[in-house]
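Enquirer: Pasting in a structure now, in structure tokens, and then I'll have a few things to ask.
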């Protein structure tokens, strides 16, 4: 019953957003900004599947994101596939990368895993920098099609795609959370040895977790070349993607699917506002300071604060 | 064609570079290897050290290494303060894992962005009489710009090794990494010892930062390149021992230098990080591990 309610309500919210924003906002800028916030919902939800549920910290978000973006660049140069197909392919490529990373780092616990993901991001970046076909370190221009496939401008089209993607990833996260899979993930997070002893197939679950998380990040990255129209390694592998994807679930709350969404909407909006009104360097400082402040003051995020208050009231 | 001269020079340059890498890594060997504090913000402190050296050097013309040494006590105090926050927020509550990691990750990012806001993204450099000179031994070139940082780094390593082995506090630091309880039985407070040790680890960043800006021009975001390198060396060296760490640093230095010489500098970072991934996957205990 609750699952049906979630599906119904979330579908209505997504559909309403899609229709209403197109009706209300005539300014293109809203869609540019909205796209970024939605993209961060996907990224932070994806990060949380591995980080929050399974307990493995991934600092290499930029690698998965950029692999998705660069797979679109390759497809753009070779074929004329529609963007939704590119999203699926990008997800596939990053999923493979996630699987590989999971396989390579199976024996690593906690901290070492985090460091390995950082290293992975640099290795992947070096390969892209030295790969001339996709522009190397000079970057590559991607020309958008003149006509958007649906009604409205091209940026509205990308915005709609990202909205659907955000809905899909949140739905996936919530489904996992309430399933045996999620139970297994949580068992790994709480005590891997005990989970193994209790019959949880930790190896397989970890691989599912890294693959799924990586695939969603790649999907978030796939439309990026069309959004920015110019892609270079320094910006697509930017550490700020990792910082944001870590900060948003931590600030929102890592135990529930709603946490990353709250974090992404809150931080994403603040950053967009700060970029316009103050400066673009300062908005990164805001994220960093908020991240540090939250892990010190409220280690369980906004969701944790709300839960604590609710528990106190019941008592 | 691989010429012998070129190969010898690449190896020598790699050894000098490795010596410098040891100075960059020694702080993390203390904090991560001995204290179990995953200070991924260490490169940010090194950047801070570089920029302090830059500011003082460009205004007063004082030697950068001297600045690094003089500023070390200040960095020591900063390190003690950071540890104090870390202790109250994470160690005492027992939430050291993801939140603690995110704390240092945030710190790294805040440090970098703050430096960008103050200094911009231009490359900065220092001036000293020995930059630009080099010694020639047969076919081997020894640029002083590389040689002096390497020697200072080795000296710092030797001093720290003596300190850890010969003094009470030094031995207590080694002890805290092995057995907290036994240390308490010796009437030493583990958190005080850890605070001092973390202070020392940050103090080394002051010197390492000064050495870095002698070797190459510095801009705030190059600290990132050092995260993987530092941890690669630390893990390669088996985490806790200085000689192991030095061996790891030399290895990475030589491999990077050879790669840069024969395949081009743009491939060099991948080699170091590839090494790290391989080490972690195949031999997590390090090359000299137990």
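So that you can scan it fast, the table gives a plain yes or no per residue for (1) more than 8 Å from chain B (Cβ to nearest Cβ); (2) in contact (Cβ under 8 Å) with a residue 24 or more places away in the chain; (3) not in a helix (DSSP H, G or I):
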{"residue": "A:243", "(1), (2), (3)": "no, yes, no"}
{"residue": "A:250", "(1), (2), (3)": "no, yes, no"}
{"residue": "A:256", "(1), (2), (3)": "yes, yes, yes"}
{"residue": "A:262", "(1), (2), (3)": "yes, yes, no"}
{"residue": "A:265", "(1), (2), (3)": "yes, yes, no"}
{"residue": "A:269", "(1), (2), (3)": "yes, yes, no"}
{"residue": "A:284", "(1), (2), (3)": "no, yes, no"}
{"residue": "A:287", "(1), (2), (3)": "no, yes, no"}
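Enquirer: Is at least one residue of segment B:277-287 touching a helix residue (DSSP H, G or I) at 6+ places or on another chain (Cβ under 9 Å) and in contact (Cβ under 8 Å) with a residue 60 or more places away in the chain?
Expert: No - not one qualifying residue is present in segment B:277-287.
Enquirer: Considering segment B:204-242 alone, what residues qualify as being within 14 Å of another protein chain (Cβ to nearest Cβ), surrounded by fewer than 24 Cβ atoms within 10 Å (Cβ to Cβ) and modelled with pLDDT of 80 or more?
Expert: Hits for segment B:204-242 are B:219, B:221, B:222, B:226.
Enquirer: So which residues in segment B:161-180 are closer than 17 Å to residue B:244 by Cα and surrounded by 14 or more Cβ atoms within 10 Å (Cβ to Cβ), if there are any at all? Even if it seems obvious, please write down each step before you answer.
Expert: Residues of segment B:161-180 closer than 17 Å to residue B:244 by Cα: B:161-162, B:164-165, B:174, B:177.
B:161, B:164, B:174, B:177 - these are the residues of segment B:161-180 that are closer than 17 Å to residue B:244 by Cα and surrounded by 14 or more Cβ atoms within 10 Å (Cβ to Cβ).
Enquirer: Okay, moving on. I'd like to know if segment A:26-47 contains one or more residues that are crowded, with 24+ Cβ neighbours inside 10 Å, within 14 Å of chain B (Cβ to nearest Cβ) and within 30 Å of residue A:180 (Cα to Cα).
Expert: Yes, some residue in segment A:26-47 is crowded, with 24+ Cβ neighbours inside 10 Å, within 14 Å of chain B (Cβ to nearest Cβ) and within 30 Å of residue A:180 (Cα to Cα).
Enquirer: Only one residue in B:32, B:45 is at pLDDT below 90 and surrounded by 23 or more Cβ atoms within 10 Å (Cβ to Cβ), so which one is that? Step through it out loud before you land on a result.
Expert: Details: B:45 fails: at pLDDT below 90.
Checking each option against the conditions leaves just B:32.
Enquirer: I'm checking my understanding of the structure. Among residues of segment A:121-134 that are within 10 Å of chain B (Cβ to nearest Cβ) and assigned to a helix (DSSP H, G or I), which one is surrounded by the most Cβ atoms within 10 Å (Cβ to Cβ)?
Expert: Looking at residues that are within 10 Å of chain B (Cβ to nearest Cβ) and assigned to a helix (DSSP H, G or I), I get A:121.
Enquirer: So for segment A:171-188 (the condition being over 30 Å from residue A:12 (Cβ atoms), crowded, with 20+ Cβ neighbours inside 10 Å and modelled with pLDDT under 90), does at least one residue qualify? First the steps, then the outcome.
Expert: From segment A:171-188, those over 30 Å from residue A:12 (Cβ atoms) are A:184, A:187-188; that's our starting set.
Applying the additional criterion that residues be crowded, with 20+ Cβ neighbours inside 10 Å yields A:184, A:187-188.
With the extra rule that they be modelled with pLDDT under 90, the set shrinks to A:188.
Taking every residue of segment A:171-188 in turn, at least one turns out to be over 30 Å from residue A:12 (Cβ atoms), crowded, with 20+ Cβ neighbours inside 10 Å and modelled with pLDDT under 90.
Enquirer: Of the conditions (1) under 19 Å from residue A:59 (Cα atoms); (2) within 18 Å of the chain's Cα centre (by Cα), residue A:294 fails just one. Which one is it?
Expert: Among (1) under 19 Å from residue A:59 (Cα atoms); (2) within 18 Å of the chain's Cα centre (by Cα), the lone unmet condition for residue A:294 is (2).
Enquirer: Restrict the check to segment A:135-150 and report whether at least one residue is within 12 Å of chain B (Cβ to nearest Cβ), closer than 30 Å to residue B:98 by Cβ and in a helix (DSSP H, G or I).
Expert: Scanning segment A:135-150, I find no residue that is within 12 Å of chain B (Cβ to nearest Cβ), closer than 30 Å to residue B:98 by Cβ and in a helix (DSSP H, G or I), so the answer is no.
Enquirer: Separate question: Of the residues in segment B:229-243, how many are part of a helix (DSSP H, G or I) and in contact with a helix residue (DSSP H, G or I) (Cβ under 8 Å, 6 or more places away or on another chain)?
Expert: Within segment B:229-243, the first condition is being part of a helix (DSSP H, G or I), and the residues that meet it are B:229-236, B:242-243.
Next, from what is left, pick out any that are in contact with a helix residue (DSSP H, G or I) (Cβ under 8 Å, 6 or more places away or on another chain): B:229-236, B:242.
Of the residues in segment B:229-243, 9 are part of a helix (DSSP H, G or I) and in contact with a helix residue (DSSP H, G or I) (Cβ under 8 Å, 6 or more places away or on another chain).
Enquirer: Quick one: is residue A:72 part of a helix (DSSP H, G or I), over 30 Å from residue A:179 (Cβ atoms) and out of contact with any strand residue (DSSP E or B) (no Cβ under 8 Å at 6 or more places or on another chain)?
Expert: Numbers: part of a helix (DSSP H, G or I): yes; over 30 Å from residue A:179 (Cβ atoms): yes; out of contact with any strand residue (DSSP E or B) (no Cβ under 8 Å at 6 or more places or on another chain): yes.
Spelling it out, residue A:72 is indeed part of a helix (DSSP H, G or I), over 30 Å from residue A:179 (Cβ atoms) and out of contact with any strand residue (DSSP E or B) (no Cβ under 8 Å at 6 or more places or on another chain).
Enquirer: State which residue is farthest from the chain's Cα centre (by Cα) when the search covers only segment B:94-105 and only residues that are touching a residue at least 24 places away in the same chain (Cβ under 8 Å) and at the interface with chain A (Cβ under 7 Å from one of its Cβ atoms).
Expert: Taking the candidates together, the pick is B:101.
Enquirer: Do the conditions hold for residue A:291, that is, is it closer than 28 Å to residue A:30 by Cα, surrounded by 19 or more Cβ atoms within 10 Å (Cβ to Cβ) and within 12 Å of chain B (Cβ to nearest Cβ)? Before the answer, list the steps.
Expert: Working: closer than 28 Å to residue A:30 by Cα: yes; surrounded by 19 or more Cβ atoms within 10 Å (Cβ to Cβ): yes; within 12 Å of chain B (Cβ to nearest Cβ): yes.
It is true that residue A:291 is closer than 28 Å to residue A:30 by Cα, surrounded by 19 or more Cβ atoms within 10 Å (Cβ to Cβ) and within 12 Å of chain B (Cβ to nearest Cβ).
Enquirer: While we're on this one: Just the residues that are in a helix (DSSP H, G or I) and either surrounded by fewer than 17 Cβ atoms within 10 Å (Cβ to Cβ) or touching a strand residue (DSSP E or B) at 6+ places or on another chain (Cβ under 8 Å) (or both), please, taken from segment A:75-103. Write out each step before concluding.
Expert: To start, the set of residues in segment A:75-103 that are in a helix (DSSP H, G or I) comprises A:75-78, A:83-103.
Across segment A:75-103, the qualifying residues are A:77, A:78, A:84, A:85, A:88, A:92, A:96, A:100, A:103.
Enquirer: Now, a different point. Residues of segment A:68-104 being without any contact (Cβ under 8 Å) to a residue 60 or more places away in the chain and within 14 Å of chain B (Cβ to nearest Cβ), which ones?
Expert: A:100, A:104
Enquirer: Among the residues of segment B:120-143, are any part of a helix (DSSP H, G or I), more than 20 Å from residue B:37 (Cβ to Cβ), more than 9 Å from chain A (Cβ to nearest Cβ) and free of Cβ contacts under 8 Å to residues at least 60 places away in the same chain?
Expert: We begin by selecting, within segment B:120-143, every residue part of a helix (DSSP H, G or I); these are none.
Looking for residues that are part of a helix (DSSP H, G or I), more than 20 Å from residue B:37 (Cβ to Cβ), more than 9 Å from chain A (Cβ to nearest Cβ) and free of Cβ contacts under 8 Å to residues at least 60 places away in the same chain, one finds none in segment B:120-143, hence no.
Enquirer: Could you check residue B:263 against (1) in contact with a helix residue (DSSP H, G or I) (Cβ under 7 Å, 6 or more places away or on another chain); (2) within 11 Å of chain A (Cβ to nearest Cβ); (3) modelled with pLDDT of 80 or more and say which number it fails?
Expert: For residue B:263, the failing item is (1).
The values are calculated or read from the model by the stated rules, or taken from the named source; none is laboratory data. Note that this is a predicted model, so its numbers are computed, not measured. Cβ sites come from the backbone with ideal geometry, for glycine too, and all protein chains shown count toward neighbours.
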